[in-house]
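Below is one structure, written out as structure tokens, with a few remarks after it.
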Amino acid sequence: MKRTLLIFSLLIPILATAQNYRIEFKSPTIDSQKKYYLGQHYRDTFVVRDSATAGNQTLVFSGQVSLETGVYTLLDDSKKKIFDFMVDDSRKFSISFDDKHTNAGMKVTGSKANTAMFQYMAKLDWANEQSKAITEKRKDPATKEQADKEMDQLSKTMKSFEEEYLKNNKQYRF
């Protein structure tokens, strides 16, 4: 009897932290013949937290498990990373993505953390493309001075964007 009470008392904190979750992914690239995994980042690897098989280009992970708040990864059947996302307090959200898995192509419903993260990453992608184009202009002596000004403006734009992002999204830092 004492042993049963001890085991039950040890399980109460675990059960109390468990929450229902439902994370849905939609994409034309989801293959109904394959198994997918929900991986949590742990150092340089992933710890598999759940698995699911797709149906009709939709993949749903659901259950009652203690999913910690943090960065997770959608993994394919060979446990190769597809893309990262965040589990926040809502624990119920969906992400639709295109066949290229671009940050700008991610559409999120039900998770402010993921919406903010993908918007931030899409802006970084945009800045990277701008930077590449400006770097090409710098190679030509006739456009180097103008390119330097454009790079300076891009740096200011991104610095302002990052400051505003950090100010408005303090709760999503993990």
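Taking the condition of a type in the set (D, E, K, R), under 13 Å from residue 24 (Cα atoms) and open to solvent by 60 Å² or more (accessible area, probe 1.4 Å), does residue 132 pass?
No.
For region 57-84, how many residues are free of Cβ contacts under 8 Å to residues at least 40 places away in the same chain and open to solvent by less than 30 Å² (accessible area, probe 1.4 Å)?
Result for region 57-84: 5.
Return the residue satisfying two criteria in turn: it lies in region 50-84 and is modelled with pLDDT of 90 or more and acidic (Asp, Glu), and of such residues it is farthest from residue 39 (Cα to Cα).
So, considering only residues that are modelled with pLDDT of 90 or more and acidic (Asp, Glu), the one farthest from residue 39 (Cα to Cα) is 77.
If I ask for residues that are in contact with a strand residue (DSSP E or B) (Cβ under 9 Å, 6 or more places away or on another chain), touching a residue at least 24 places away in the same chain (Cβ under 8 Å) and assigned to a loop (DSSP other than H, G, I, E, B), which ones from region 20-55 would you list?
Answer for region 20-55, where residues must be in contact with a strand residue (DSSP E or B) (Cβ under 9 Å, 6 or more places away or on another chain), touching a residue at least 24 places away in the same chain (Cβ under 8 Å) and assigned to a loop (DSSP other than H, G, I, E, B): 27, 29, 30, 32, 34, 54.
Out of all the residues in region 34-46, is one or more closer than 22 Å to residue 107 by Cα, open to solvent by 60 Å² or more (accessible area, probe 1.4 Å), modelled with pLDDT of 85 or more and not small (Gly, Ala, Ser)?
no
Just one of the numbered conditions (1) over 17 Å from residue 118 (Cα atoms); (2) modelled with pLDDT of 90 or more; (3) touching an Asp or Glu at 6+ places or on another chain (Cβ under 7 Å); (4) not hydrophobic (A, V, I, L, M, F, W, C) is not true of residue 94; which one?
Condition not satisfied by residue 94: (1).
The values are calculated or read from the model by the stated rules, or taken from the named source; none is laboratory data. On a predicted model such as this, the values are computed, not experimentally measured, just so you know. Every residue, glycine as well, gets a Cβ built from its backbone with ideal geometry; the counts of neighbours run over all protein chains shown. Accessible surface areas use protein heavy atoms only, side chains included; no ligands, DNA or RNA. Shrake-Rupley method; radii C 1.70, N 1.55, O 1.52, S 1.80 Å.
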